[in-house]
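Asker: I am attaching a structure below and will ask some questions about it afterwards.
The values are calculated or read from the model by the stated rules, or taken from the named source; none is laboratory data. Since the model is a prediction, treat every value here as computed from it, not as a measurement. Don't worry about glycine lacking a Cβ; one is built from the backbone with ideal geometry, like all the others, and counts go over all protein chains shown. To get the accessible areas, we keep the full protein, side chains included, count just its heavy atoms, and leave off ligands, DNA and RNA. Shrake-Rupley method; radii C 1.70, N 1.55, O 1.52, S 1.80 Å.
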Amino acid sequence: METDARALADRLRGVGDGLIVVVTGAGVSAASGLPLFRGTDPDAIWNRDVTEIGTRQAFLRDPVGWWQWFLRSFNGLLDARPNAAHRALAALEAWHTAHGGDFLLVTQNIDTLHEQAGSNNLVKVHGTADRLRCSRQGCPLGAPTGSLPMNEAGFAEYFAAFRRAPTRGTLPRCPRCGALLRAHALLFDEYYDEHADYGFDRVRAALERMALAVFAGTSFSVGVTDLVLREALGWGLPVVSIDPAPPPPVAGITALRATAEELLPAACRELGIGE
């Protein structure tokens, strides 16, 4: 662990005032009690539920079944609290920006743990669990720019009623147009540029200036990880993967086989910064 922490700290120092891009996946939130999505973990969401459920077409076809699946799969998401990995990433951002550098955290997670921990330069490319949006395209509260907070008056009561009696009549509806509400999250049959909140333009712009790519707790199974990895390797930039599982068999990746909640705080200590 000490050797890996020192190696990561050296990479971070070596950037100078360049842009560090960190991409996080579900593994970063595992220590906060949230489930993984893929891989060998028996509780991984996509091991239990076929990926066809997590689609817009499935929602349109059976919104009652879709919301039952979503609420079951993501139960407790908003009650979770940041772990040491989230706090360390916020501390690294503060340290790097205080030294004149730039920092962008790109998370695939829809939980709110990074922002709770204090991360500021954050892009949530898969959406966020603390907001809903109208399912009708073009509604001011729907895509491509609209959404509304989950804690808006009445939504807690809506979902409590739905859990008691899961019918179309108890599903939450848009206060503007009356259409069904959906989760403000990227689904499997959707694209990153379908909603402004996914911030994919910010990610693409950052790749033009990136000096170091760090992946933490991700299985490299989605489009954004492939994009960042290809750009970094294509420009000959350093790439670090922090995960107990092996990274893709691709030359150029420095694989640090540890959990993010152990290694990231250790790297902070090497840099002389606290959480």
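Asker: What is the P(r) of the chain, as percent of Cα-Cα pairs per 10 Å bin from 0?
Answerer: Per 10 Å bin, starting at 0, the Cα pair percentages come out as 7, 29, 34, 20, 9, 1.
Asker: Any idea how far the Cα center of the range 88-157 sits from the one of the range 169-202, in Å?
Answerer: Measuring centre to centre over Cα atoms gives 14 Å.
Asker: Stokes-Einstein at 25 °C, 0.890 mPa s, Kirkwood radius from Cα pairs: D for the range 202-247 in µm² s⁻¹? Display every interim value, and only then the final one.
Answerer: Values: Rh = 10.9 Å.
Taking Rh from Cα pairs, D becomes 224 µm²/s.
Asker: Specify the angular offset, from 0 to 90 degrees and rounded to the nearest 10, of the alpha carbon long axis of helix 223-234 from the longest principal axis of the alpha carbons in the chain.
Answerer: Approximately 20 degrees, to the nearest ten.
Asker: Can you list the HN-Hα couplings for the range 257-272, worked out from phi with the Karplus curve (6.51, -1.76, 1.60; θ = phi - 60°), rounded to whole Hz and with x for Gly and Pro?
Answerer: In residue order, the calculated couplings are 7, 8, 7, 5, 6, 9, 6, 4, x, 5, 5, 4, 5, 4, 7, x Hz.
Asker: How many percent of all Cα-Cα pairs in the range 183-222 sit more than 13 Å apart?
Answerer: Roughly 66 percent, once rounded to a whole number.
Asker: What whole-number value in Å² describes the accessible area per residue of the chain for a 1.4 Å probe?
Answerer: 45 Å²
Asker: Still on this structure, I have one more. Of the chain, which part is the longest with no trypsin sites (Lys or Arg not before Pro) in a loop (DSSP not H, G, I, E, B) and with at most 16 other C-beta atoms within 10 angstrom?
Answerer: Counting only loop sites that pass the neighbour cut-off, the longest clear stretch is 1-175.
Asker: Kindly express, to the nearest 10 degrees and within the range 0 to 90, the angle between helix 2-14's C-alpha long axis and the longest C-alpha principal axis of the chain.
Answerer: The angle comes out near 90 degrees.
Asker: Mind checking the log10 I(q)/I(0) for the range 164-255 at q = 0.13, 0.15, 0.18 Å⁻¹? Debye, one equal scatterer per Cα, no solvent, two decimals.
Answerer: The Cα Debye sum returns log10 ratios of -0.61, -0.71, -0.87.
Asker: Per-residue accessible area for F220 at 1.4 Å probe radius, Å² rounded to 10?
Answerer: Rounded to the nearest 10, the figure is 40 Å².
Asker: Heads up, I need the accessible area for S135: 1.4 angstrom probe, whole protein in place, Å², nearest 10.
Answerer: S135 has an accessible surface of roughly 40 Å² with all protein chains in place.
Asker: Measure off, as a whole percent, the carbon and sulfur share of the 1.4 Å-probe accessible area of the chain, all protein chains present.
Answerer: Solvent-exposed carbon and sulfur of the chain make up 51 percent of the total.
Asker: Measure nothing but the geometry: give the 0 to 90° angle between the long axis through the Cα atoms of 155-164 and the longest principal axis through the Cα atoms of the chain, rounded to 10°.
Answerer: Tilt of helix 155-164: around 70 degrees.
Asker: Could you give me the ³J(HN,Hα) list for the range 100-105, computed from phi with Karplus coefficients 6.51, -1.76, 1.60 and θ = phi - 60°, whole Hz, x at Gly and Pro?
Answerer: Result, rounded to whole Hz: x, x, 10, 8, 9, 9.
Asker: Positive end of the dipole of the chain, charges at C-beta (+1 Lys, Arg; -1 Asp, Glu), about the Cα centre: which of A165, T128, T259 has its Cα farthest in that direction?
Answerer: A165
Asker: Let me ask something additional. Could you compute how much accessible surface T145 exposes when probed at 1.4 Å, giving the result in Å² to the nearest 10?
Answerer: 100 Å²
Asker: If amide hydrogens are placed 1.01 Å from N in the peptide plane, which non-local residues have theirs closer than 5 Å to the one on V123?
Answerer: Hits under the 5 Å cutoff: L105, V106, T107.
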